Amino acid sequence: MIKDGVFDVTFDSQEIFRSILDAMARPGSIVRLPDINITPPVTNRYPLLVLMTLLDHEVSFCVSGHSDTNVNTNENGNRQAVAEYLELNTGSKESAFGDADLILVYRGSSHGLIRMAKQGTFEYPDESATVVYDVGSIENRRHEGEKGYNKEMLLELFGPGIADKCTLEISGIERVEIEDILELRDYPLGIDAIFSDKAGNIVCIPRSTNMRVI
């Protein structure tokens, strides 16, 4: 595998990092990532842009599941190809799921592994994991009863950074995965979640945000 020469670790990562900070400061708000044409071994490059921005040699990661692929591999080969791509382009190393600082989850489910993710401690709550979900689409539902893009998952968010409440429609995420995330939450403990769709949108749900499935 050849290192991706398109991604500029100085300028591109700064631009993406600002987008992530904006999304974290305004939970539930949809933020568009810059369109940087990296060539990872999977179809949706946007979750990889997030990880390439947040990873370095001091930050570990884990890849769970597999996405639509650009190469002819089986599920394990796909996961390994993504891990090798991230290691080559960030200097980070893949670790076990329960030890990873950043976790990339494909196909909307970690199959229960999310319960093993780092949740921080009361002394060091910032040592919790951040989980990036590769999803199909993200839409805002701004008014009660408004017809949305899909009916697969409706999330209502409220708390710090949200004026009243907001409702998100997300396709490509399993309900049980959201329920597992909710069970982990005991603020300041829990995990931070970033959802990244195929159109280049991201939305962040920090562990301080209250969330329920509706």
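The values are calculated or read from the model by the stated rules, or taken from the named source; none is laboratory data. Everything numeric in this text was worked out from a predicted model, so none of it was measured. So basically every Cβ, Gly included, is an ideal-geometry build from the backbone, and we count neighbours across all protein chains shown.
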Q.
Suppose we filter Val50, Val59 for residues that are at pLDDT 95 or above, crowded, with 18+ Cβ neighbours inside 10 Å and either in a loop (DSSP other than H, G, I, E, B) or of a type in the set (Val, Ile, Thr) (or both); which single one remains?
A. Val50
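Being at pLDDT below 95 and either buried (at least 16 other Cβ atoms within 10 Å of the Cβ) or β-branched (Val, Ile, Thr) (or both): is that true of Glu152 here?
Answer is yes for this residue.
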Q: Check Ala117, Ala96 and return the single one that is farther than 22 Å from Gly159 by Cβ, modelled with pLDDT of 95 or more and out of contact with any helix residue (DSSP H, G or I) (no Cβ under 6 Å at 6 or more places or on another chain).
A: Ala96
Q. Out of all the residues in segment 182-194, is one or more among the basic types (Lys, Arg) and either modelled with pLDDT of 95 or more or part of a strand (DSSP E or B) (or both)?
A. no
Q: Give segment 159-184 a look and list any residue that's buried (at least 16 other Cβ atoms within 10 Å of the Cβ) and touching a strand residue (DSSP E or B) at 6+ places or on another chain (Cβ under 8 Å), or say none.
A: Cys166, Thr167, Leu168, Glu169, Ile170, Ser171, Gly172, Ile173, Glu177, Ile178, Ile181, Leu184
Q: Considering only residues that are out of contact with any Lys or Arg (no Cβ under 9 Å at 6 or more places or on another chain) and part of a helix (DSSP H, G or I), look in segment 93-131 and name the one that is nearest to Val63 (Cα to Cα).
A: Phe97
(Q) Looking only at segment 63-80, filter to residues that are surrounded by 20 or more Cβ atoms within 10 Å (Cβ to Cβ) and under 19 Å from Lys3 (Cα atoms); which one of those is modelled with the lowest pLDDT? (A) Asn78
